[in-house]
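A.B. asks: If you scroll down you'll find the structure; I have some questions about it.
The values are calculated or read from the model by the stated rules, or taken from the named source; none is laboratory data. The structure displayed is predicted, hence computed values, not measured ones. We place every Cβ from the backbone using ideal geometry, glycine too, and count neighbours over all the protein chains shown.
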Amino acid sequence: MTGMTGMTGMTGTTDMTGTTSLAFSSAPSPAELPTTAASRLRWALADAWTVTRRDLAHWANQPGMLVANLLFSVMVLLMFGFLFGGAMAVPGDYWEFLVPGVFALTMVFGVESTFTAISTDLARGVTDRFRSLPMAASAVVVGRATADLLSSAVTLAVLVAAGLAAGWQPHGTLGTTLAAFGLLLLLRLAMLWLGIYLGLVARGPESVMALQILVWPVGFLSNAFVSPATMPGWLGAIAEWNPLSATVAAVRDLFGNPGWTSDSWVATHPMLPAVVWPVLLIAVFFPLSVRHFRRLSR
């Protein structure tokens, strides 16, 4: 890897364990420091891209976790479709009901991998090494978010291939289909910043068990696998207003796949909450993540 920023000459090498070693060839001179907002933004983006490349190189050297995540996502899709599909009461074909739900659920469950990566870097001292470098404070968290978003796009592509092979089809136009994938990645971006913040405040990667206790009920208490109409009234109401359910319902509409029937506002107008909820989460946890990163070890 070459060039953490344009301010310094920095080279990076990745050892057999996937750990990237960084070293400066020279210290930045005052004349090289960014002085305008545009130059600061340019250096921050360059720093973030270098951190992104570091994370991608780590996955290339140790692809086991990435492959395991891909296999788990495909397993969930096939298990619910083939094992439980015949018992599910949903409008239309169950595969067309299920696949968009699994897409969105996978984006939510990605918060666990982000949390684990951030907390592991903290525990191993990697984050402290980054903080000792003359780089933008946002670069580490933005770089991690970019790398994880690229990984999620790959996961989504694999799930699309598995869904098409199993019988799922999008029936919308090219524009609505791309908009559906955009909503899914927006949800993943929101979960990224939540995972980054929680990873920064957690005491270690072992805390992922506590995160799973919170994330899994939220994921399954939704319209991803079944219609909320089949649940007890109070539980169905919670499932309908689950932010995940809004994304799933909006994505189903954009794909032209069947959804659940209900007269509630959130069921008949899912697009607005599908955009508002992720944007709100990003607006809250992005600045919190950058601020907490700056305050580490103070």
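A.B. asks: With D253, D263 as the choices, which residue is among the acidic types (D, E) and not in a helix (DSSP H, G or I)?
C.D. replies: D263
Listed here are the residues, each with its yes/no results for (1) touching a Gly at 6+ places or on another chain (Cβ under 7 Å); (2) outside any helix (DSSP H, G or I); (3) touching a residue at least 60 places away in the same chain (Cβ under 8 Å).
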{"position": "I213", "(1), (2), (3)": "no, no, no"}
{"position": "P258", "(1), (2), (3)": "yes, yes, yes"}
{"position": "L272", "(1), (2), (3)": "no, no, no"}
{"position": "F285", "(1), (2), (3)": "no, no, yes"}
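A.B. asks: Identify the single condition in (1) part of a helix (DSSP H, G or I); (2) closer than 24 Å to V226 by Cβ; (3) touching a residue at least 40 places away in the same chain (Cβ under 8 Å) that A117 does not satisfy, given that it satisfies every other one.
C.D. replies: Against the list (1) part of a helix (DSSP H, G or I); (2) closer than 24 Å to V226 by Cβ; (3) touching a residue at least 40 places away in the same chain (Cβ under 8 Å), A117 comes up short only on (2).
A.B. asks: I would also like to ask the following. Output the residues belonging to region 58-70 that are in contact with a helix residue (DSSP H, G or I) (Cβ under 9 Å, 6 or more places away or on another chain) and either at pLDDT 80 or above or under 18 Å from P100 (Cβ atoms) (or both).
C.D. replies: N69, L70
A.B. asks: Just one of V67, V99 is crowded, with 16+ Cβ neighbours inside 10 Å and among the β-branched types (V, I, T); which is it?
C.D. replies: Values: V67 fails: crowded, with 16+ Cβ neighbours inside 10 Å.
Of V67, V99, the one residue that is crowded, with 16+ Cβ neighbours inside 10 Å and among the β-branched types (V, I, T) is V99.
A.B. asks: Could I ask something else about it? Anything in region 163-200 that is over 18 Å from the mean Cα position of the chain (by Cα), surrounded by fewer than 19 Cβ atoms within 10 Å (Cβ to Cβ) and in contact (Cβ under 8 Å) with a residue 24 or more places away in the chain? List them, or say none. Steps first, answer last, please.
C.D. replies: Let us first name the residues in region 163-200 that are over 18 Å from the mean Cα position of the chain (by Cα), namely 163-177.
In the following step, the residues that additionally are surrounded by fewer than 19 Cβ atoms within 10 Å (Cβ to Cβ) were identified as 164-167, 169, 171-177.
Matches in region 163-200: A166, G167, Q169, H171, G172, T176, T177.
A.B. asks: Cβ-Cβ under 7 Å, sequence separation 6+ or interchain: first residue in region 216-243 and over 20 Å from V99 (Cβ atoms), partner of a type in the set (A, V, I, L, M) and outside any helix (DSSP H, G or I). Which pairs?
C.D. replies: I238/L221
A.B. asks: Residue check, V111 against (1) at positive phi; (2) crowded, with 22+ Cβ neighbours inside 10 Å, all met but one. Which one?
C.D. replies: (1)
A.B. asks: If you don't mind, another one. Determine if region 40-51 includes at least one residue that is surrounded by 14 or more Cβ atoms within 10 Å (Cβ to Cβ) and within 30 Å of S227 (Cα to Cα).
C.D. replies: No: region 40-51 contains no residue that is surrounded by 14 or more Cβ atoms within 10 Å (Cβ to Cβ) and within 30 Å of S227 (Cα to Cα).
A.B. asks: Restricted to region 215-242, and to residues that are hydroxyl-bearing (S, T, Y) and either crowded, with 16+ Cβ neighbours inside 10 Å or assigned to a loop (DSSP other than H, G, I, E, B) (or both), which residue is modelled with the lowest pLDDT?
C.D. replies: Ranking the candidates gives S227 first.
A.B. asks: Residue under question is N61, and the condition is that it be surrounded by 13 or more Cβ atoms within 10 Å (Cβ to Cβ) and over 17 Å from L192 (Cα atoms); does it hold?
C.D. replies: yes
A.B. asks: Here is a further query. Consider region 255-270. How many of its residues are over 23 Å from F220 (Cβ atoms) and either in contact with a Ser or Thr (Cβ under 8 Å, 6 or more places away or on another chain) or modelled with pLDDT of 95 or more (or both)?
C.D. replies: 2
A.B. asks: Just checking, does region 153-165 include any residue being modelled with pLDDT of 90 or more, of a type outside the set (G, A, S) and in contact with a Phe, Trp or Tyr (Cβ under 7 Å, 6 or more places away or on another chain)?
C.D. replies: Scanning region 153-165 turns up at least one residue that is modelled with pLDDT of 90 or more, of a type outside the set (G, A, S) and in contact with a Phe, Trp or Tyr (Cβ under 7 Å, 6 or more places away or on another chain).
A.B. asks: Of these, S264, S289, which one is hydroxyl-bearing (S, T, Y) and either surrounded by fewer than 21 Cβ atoms within 10 Å (Cβ to Cβ) or in contact with a Lys or Arg (Cβ under 9 Å, 6 or more places away or on another chain) (or both)?
C.D. replies: Only one candidate passes the filter, namely S264.
A.B. asks: Then there is this: What single numbered condition from (1) under 21 Å from P243 (Cβ atoms); (2) within 17 Å of the chain's Cα centre (by Cα) fails to hold for F72?
C.D. replies: F72 satisfies all of (1) under 21 Å from P243 (Cβ atoms); (2) within 17 Å of the chain's Cα centre (by Cα) except (1).
A.B. asks: Scan region 109-145 for residues that are touching a helix residue (DSSP H, G or I) at 6+ places or on another chain (Cβ under 6 Å) and more than 30 Å from L221 (Cβ to Cβ) and jot them down.
C.D. replies: If the condition is that a residue be touching a helix residue (DSSP H, G or I) at 6+ places or on another chain (Cβ under 6 Å) and more than 30 Å from L221 (Cβ to Cβ), then D121, T127, F130, M135, A136, A137, S138, A139, V140, V142, G143 are the ones that fit.
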